[in-house]
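Accompanying notes for the structure given below.
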Amino acid sequence: MEIWDTHVHLDEMTNLELAVELAVRHNVTHWVLVATGPEAYRHQSQLLTSLSHYPLRYFRSIGLHPEYNYSEHALMETEQIVEHESIAAIGEIGLPTYRILSRQQFNRNWELVYIQLEWAKSKNLPVIIHAVHESCEPMLRILEEFSDLKRVVFHWLKAPKNIVQEIVKRRYYVGITPDIVSRSRDRELFSLLPPEAVVVETDSPWPHNGHKPSSPAEIAELIATLNHIAPESCDWLGQTTHNARQLFGNIPSRQEQTPIK
Ligand SMILES: [Zn+2]
């Protein structure tokens with residue numbers, strides 16, 4: 001059995017060994033590790049050396065997170081990592097919601113999004129998007145310029161109904177978190193999604209349901225909740241695993257399948 005947590009900030013987690021043991025016990029075996037920049041990426045690499053004896057599979061993602069500021073070299077360093085390391089996805093990248101940007105910061109972030117989307121396009125990598133509430137619609141407009149990018153996930157989405165519907169229509173994926181266990185806002189959003197759009201994530205160590213810091217083991221309860229609220233739709237374990245594989249597994253694009261003349 002394989003269960004995915006599609007969004008984990010390994011470098012921000014405390015009590016990592018315990019989190020890993022709990023996840024193994026709950027069969028949460030596949031983790032997408034999201035690095036918010038080169039420093040986070042290097043920190044994660046260090047931590048992974050001490051976790052190599054656990055039966056887990058990791059998929060590495062890197063991107064300059066829109067809610068943070070970065071030094072001048074961060075972009076270049078991130079590009080080096082994308083070029084030379086085994087990277088499974090670009091992200092999380094996108095547009096900020098929780099901080100006010102100066103005009104200069106706004107322009108800089110806008111430019112960074114385009115550059116990083118270009119990397120995803122040229123390397124045929126999936127993209128993890130951070131763009132919630134009022135940032136979601138402008139992000140969709142940017143993505144219109146990248147119609148080649150098919151594997152896109154709106155991580156921990158919060159958005160108005162019409163925007164969620166547009167995301168579904170474009171066949172992007174949506175990350176659902178353990179918040180769904182207790183929050184009606186998340187349940188309403190979930191009710192708008194077809195099963196093939198849903199992936200599950202904890203965004204660990206971000207706390208959910210008023211709890212202490214979260215850990216990937218919570219995916220087990222999340223899936224049980226989906227089976228409880230929408231039992232007629234599908235088997236949510238099989239479906240979300242399938243979706244995560246489609247999103248992050250290395251499926252060759254049509255371009256790659258056609259020999260270059
Ligand atoms: Zn995150």
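Observations, loosely collected:
- Helix-only CD estimate at 222 nm, as mean residue ellipticity for the chain, using -39500 (n - 2.57) per DSSP H run (n ≥ 4): -12500 deg cm²/dmol
- Those residues of the stretch 153-185 whose amide nitrogen sits under 13 Å from the label point placed on His133, 7 Å along Cα→Cβ: 158-160
- Mean projection of the Cα convex hull over all viewing directions, computed for the stretch 89-175: 5.1 nm².
- Label point distance in nm, Glu232-Leu16, each placed 7 Å from Cα along Cα→Cβ: 4.6
- Treating each Cα of the chain as one equal point scatterer and applying the Debye formula with no solvent, the log10 of I(q)/I(0) at q = 0.14 Å⁻¹ comes out as -0.96.
- For the chain, lysine pairs with C-alpha atoms less than 27 angstrom apart, excluding pairs fewer than eight positions apart on the same chain, total 14.
- Each of Met139, Met76, Met13 has some number of other Cβ atoms within 10 Å of its Cβ, and from fewest to most they run Met76, Met13, Met139.
- Using a Förster distance of 22 Å, the FRET efficiency for Glu111-Asn162 (Cβ separation, nearest 0.05): 0.20
- Once Rg and the Kirkwood radius are both taken over the C-alpha atoms of the stretch 1-114, their ratio Rg/Rh works out to 1.02.
- Among Glu145, Glu137, a tally of other beta-carbon atoms within 10 Å of each Cβ gives an order, fewest to most, of Glu145, Glu137.
- Simple spin-label estimate for Gln246 and Arg183 in nanometres, 7 Å along Cα-Cβ: 2.5
- The ranking of Val168, Val127 from fewest to most other beta carbons within 10 Å of each one's beta carbon is Val168, Val127.
A short reminder: the numbers here are calculations on the coordinates, not readings from a lab. Since we're looking at a predicted model, the values are computed, not measured. Counting neighbours? That spans all protein chains shown, and the Cβs are built from the backbone with ideal geometry, glycine included.
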